[in-house]
Amino acid sequence: MTARNWIIGAVLLVAGCANGPNAPAPQRLSQTSASSRVDTDDPEMAQAITKAKQTLDEFLARLQHPQRNEVFSVQSAFKTPSGPPEYLWLGDVTYKDGVFEGAVNTKPQRALTPKYGETAKVKKEDVTDWMILKSGKSEGGFTVDLLLKRQAAPR
């Protein structure tokens, strides 16, 4: 079983217990520390972010008409006191007037506001990735796919 399938399976176990159409944030994203380390100077990562931005309207259309047990998350950069920004995932997101709002479900590696579990807001133009999880399948997650691919590559 690949790392992505294993992680998605664990997420779906959590999501499958949800009652509403926009289930709680997936644990997968809070446990994937690599998801906070995004190098935008990396051409492959820049391409993954571009693809996420180009397809964000598809994500929004689904978010506006969610199906039962779908889990919606977005990723964005957050400023740190020093050094590069951290890329964190917000789960259980809502969208209104060009802004996503949700709970931070990636554990920051540095002291950071917002903190894990806190509610944060992200402008649409600042989204760097998105993901929809449901019934053993995922959509989006372009940066996650790249990081998992690299993690699996022989060194």
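Candidates in the range 55-74 are the residues that are in contact (Cβ under 8 Å) with a residue 60 or more places away in the chain and assigned to a loop (DSSP other than H, G, I, E, B); of these, the one that is farthest from residue 110 (Cα to Cα) is 67.
If we scan the range 25-38, do we find a residue that is open to solvent by 50 Å² or more (accessible area, probe 1.4 Å), charged (D, E, K, R) and at pLDDT 60 or above?
Among the residues of the range 25-38, not one is open to solvent by 50 Å² or more (accessible area, probe 1.4 Å), charged (D, E, K, R) and at pLDDT 60 or above, which makes the answer no.
When residue 69 is tested against (1) closer than 24 Å to residue 45 by Cα; (2) over 12 Å from the mean Cα position of the chain (by Cα), just one condition goes unmet, and that condition is (1).
Residue count for the range 87-111 satisfying the condition of being of a type outside the set (D, E, K, R) and surrounded by fewer than 19 Cβ atoms within 10 Å (Cβ to Cβ): 7. For the range 112-138, residues that are surrounded by 15 or more Cβ atoms within 10 Å (Cβ to Cβ), modelled with pLDDT under 95 and of a type in the set (D, E, K, R) total 1.
Listed here are the residues, each with its yes/no results for (1) out of contact with any helix residue (DSSP H, G or I) (no Cβ under 6 Å at 6 or more places or on another chain); (2) of a type outside the set (Val, Ile, Thr); (3) under 17 Å from residue 63 (Cβ atoms); (4) touching a residue at least 24 places away in the same chain (Cβ under 8 Å).
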| site | (1), (2), (3), (4) |
| --- | --- |
| 110 | yes, yes, no, yes |
| 114 | yes, yes, no, yes |
| 120 | yes, yes, yes, yes |
| 124 | yes, yes, yes, yes |
| 129 | no, yes, yes, yes |
| 134 | yes, yes, yes, yes |
| 137 | yes, yes, yes, yes |
| 147 | no, yes, no, yes |
| 150 | yes, yes, no, no |
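Given the structure, is residue 71 under 12 Å from residue 133 (Cα atoms) and modelled with pLDDT under 50? No; evaluated as a whole, the condition is false for this residue. Would you say residue 77 is surrounded by fewer than 18 Cβ atoms within 10 Å (Cβ to Cβ), among the small types (Gly, Ala, Ser) and outside any loop (DSSP other than H, G, I, E, B)? It is false that residue 77 is surrounded by fewer than 18 Cβ atoms within 10 Å (Cβ to Cβ), among the small types (Gly, Ala, Ser) and outside any loop (DSSP other than H, G, I, E, B).
Would you pick out the residues in the range 82-106 that are more than 13 Å from the chain's Cα centre (by Cα), assigned to a strand (DSSP E or B) and of a type outside the set (Val, Ile, Thr)?
Matches in the range 82-106: 95, 96.
Answer yes if at least one residue in the range 141-152 is open to solvent by less than 90 Å² (accessible area, probe 1.4 Å) and among the aromatic types (Phe, Trp, Tyr), and no otherwise. Among the residues of the range 141-152, at least one is open to solvent by less than 90 Å² (accessible area, probe 1.4 Å) and among the aromatic types (Phe, Trp, Tyr), which makes the answer yes.
The values are calculated or read from the model by the stated rules, or taken from the named source; none is laboratory data. On a predicted model such as this, the values are computed, not experimentally measured, just so you know. For neighbour counting, all protein chains shown are included, and Cβ atoms are generated from backbone atoms with ideal geometry for every residue, glycine included. Side chains are part of the model used for accessible areas, which takes the heavy atoms of the whole protein and leaves out ligands, DNA and RNA. Shrake-Rupley method; radii C 1.70, N 1.55, O 1.52, S 1.80 Å.
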